[in-house]
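Structure record follows, encoded as structure tokens.
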Amino acid sequence: KSGRLKLRYLPTDDLDMTLSFDIQNHDDGAYSMRRTGRNSFVQSGRYGVDDPYHYSHDYAGSQKNDCWGVALNSEYNTNYGKLHSVTGYRYFDSKEKMDADFTPADMLRKNYNQEDSDFSQEFRFTSPEDSGPLEWLTGGHFFLLNSNTEITNLYGADSNASGSNLKFKTDKDNAGGAVFGQGTYTFWDDFDLT
């Protein structure tokens, strides 16, 4: 399922604002992986290679993804140029339960949960349309990203570590930014130097 909504607001001749929102939901079931010749069980002779339209498992599993985002795009015309702002936020949540040994034996199941949130902001200032032979653009951009991951390995009755669990958790924050600029000067109406 997915949806998108856009709203535009024009309070004056010089200000144009667009707010957009989108959302997606996937519940597709667990993704399947086949045993190939590189699989350790195939190389040891315990199981054969899966044919192209079949995969082996003892646990159906599930996979659910939810994500949504919102963005505000604004443009403001001044006597000195156009100010452009883009503000965005995005959220992603994934929950997967899978047969991680890809065999009919009850050896290993995996629960994988991931949650990401991302904020970004960009400002651009550009020269007026009739600014003469010099056209320019300058701006800045920054983002903040938080990502949480939790992986749990569940060892089944056919494994050497039956009944035990192994959990991994990560919590990562990332931030970055940039400033940029460009200028183009036109000589004799047909030669541009950037």
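The values are calculated or read from the model by the stated rules, or taken from the named source; none is laboratory data. Because the structure is a prediction, the values reported are computed rather than measured. Counting neighbours? That spans all protein chains shown, and the Cβs are built from the backbone with ideal geometry, glycine included. Remember, those area values only see protein heavy atoms, side chains included, never the ligands or the DNA or RNA. Shrake-Rupley method; radii C 1.70, N 1.55, O 1.52, S 1.80 Å.
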Taking the stretch 88-107 on its own, how many of its residues are open to solvent by 40 Å² or more (accessible area, probe 1.4 Å) and either modelled with pLDDT of 95 or more or touching a Leu at 6+ places or on another chain (Cβ under 8 Å) (or both)?
4
Output the residue which, of all residues in the stretch 95-114 that are polar (S, T, N, Q) and in a strand (DSSP E or B), is nearest to the chain's Cα centre (by Cα).
Gln114
Between residues in the stretch 5-17 that are open to solvent by less than 100 Å² (accessible area, probe 1.4 Å) and residues that are outside any strand (DSSP E or B) and not aliphatic (A, V, I, L, M), which pairs lie under 9 Å by C-beta distance while being six or more apart or on different chains?
none
Restrict the check to the stretch 142-158 and report whether at least one residue is of a type in the set (Ser, Thr, Tyr), within 21 Å of Thr78 (Cα to Cα) and at pLDDT 95 or above.
no
Which condition number in (1) over 30 Å from His84 (Cβ atoms); (2) loosely packed, with under 12 Cβ neighbours inside 10 Å is the one that Tyr155 fails?
(2)
Out of (1) more than 27 Å from Cys67 (Cα to Cα); (2) exposed (fewer than 14 other Cβ atoms within 10 Å of the Cβ); (3) out of contact with any Lys or Arg (no Cβ under 9 Å at 6 or more places or on another chain), the odd one out for Ala178 is which?
(1)
Here the residues within the stretch 1-45 that are touching a Gly at 6+ places or on another chain (Cβ under 9 Å), more than 22 Å from Asp93 (Cα to Cα) and at pLDDT 95 or above are none
So Asn160 fits all but one of (1) farther than 30 Å from Val49 by Cβ; (2) without any contact (Cβ under 8 Å) to a residue 60 or more places away in the chain; (3) out of contact with any strand residue (DSSP E or B) (no Cβ under 6 Å at 6 or more places or on another chain); what number is the exception?
(1)
How about the stretch 160-175: which of its residues are aliphatic (A, V, I, L, M) and either loosely packed, with under 10 Cβ neighbours inside 10 Å or assigned to a strand (DSSP E or B) (or both)?
Leu166, Ala175
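Out of all the residues in the stretch 126-145, is one or more buried (at least 17 other Cβ atoms within 10 Å of the Cβ), under 21 Å from Asp13 (Cβ atoms) and either in contact with a Phe, Trp or Tyr (Cβ under 8 Å, 6 or more places away or on another chain) or touching a residue at least 60 places away in the same chain (Cβ under 8 Å) (or both)?
Start the filter on the stretch 126-145 by keeping residues that are buried (at least 17 other Cβ atoms within 10 Å of the Cβ), which leaves 126-127, 135, 139.
So of that shortlist, the ones also under 21 Å from Asp13 (Cβ atoms) come out as 126-127.
When the remaining residues are screened for being either in contact with a Phe, Trp or Tyr (Cβ under 8 Å, 6 or more places away or on another chain) or touching a residue at least 60 places away in the same chain (Cβ under 8 Å) (or both), the result is 126-127.
Taking every residue of the stretch 126-145 in turn, at least one turns out to be buried (at least 17 other Cβ atoms within 10 Å of the Cβ), under 21 Å from Asp13 (Cβ atoms) and either in contact with a Phe, Trp or Tyr (Cβ under 8 Å, 6 or more places away or on another chain) or touching a residue at least 60 places away in the same chain (Cβ under 8 Å) (or both).
Would you check which residues across the stretch 76-87 are out of contact with any Leu (no Cβ under 7 Å at 6 or more places or on another chain) and either assigned to a strand (DSSP E or B) or open to solvent by less than 60 Å² (accessible area, probe 1.4 Å) (or both) and list them?
Initially, the stretch 76-87 is screened for residues out of contact with any Leu (no Cβ under 7 Å at 6 or more places or on another chain), giving 77-86.
Once the filter is applied, which keeps residues that are out of contact with any Leu (no Cβ under 7 Å at 6 or more places or on another chain) and either assigned to a strand (DSSP E or B) or open to solvent by less than 60 Å² (accessible area, probe 1.4 Å) (or both), the stretch 76-87 yields Asn77, Thr78, Gly81, Lys82, Leu83, His84, Ser85, Val86.
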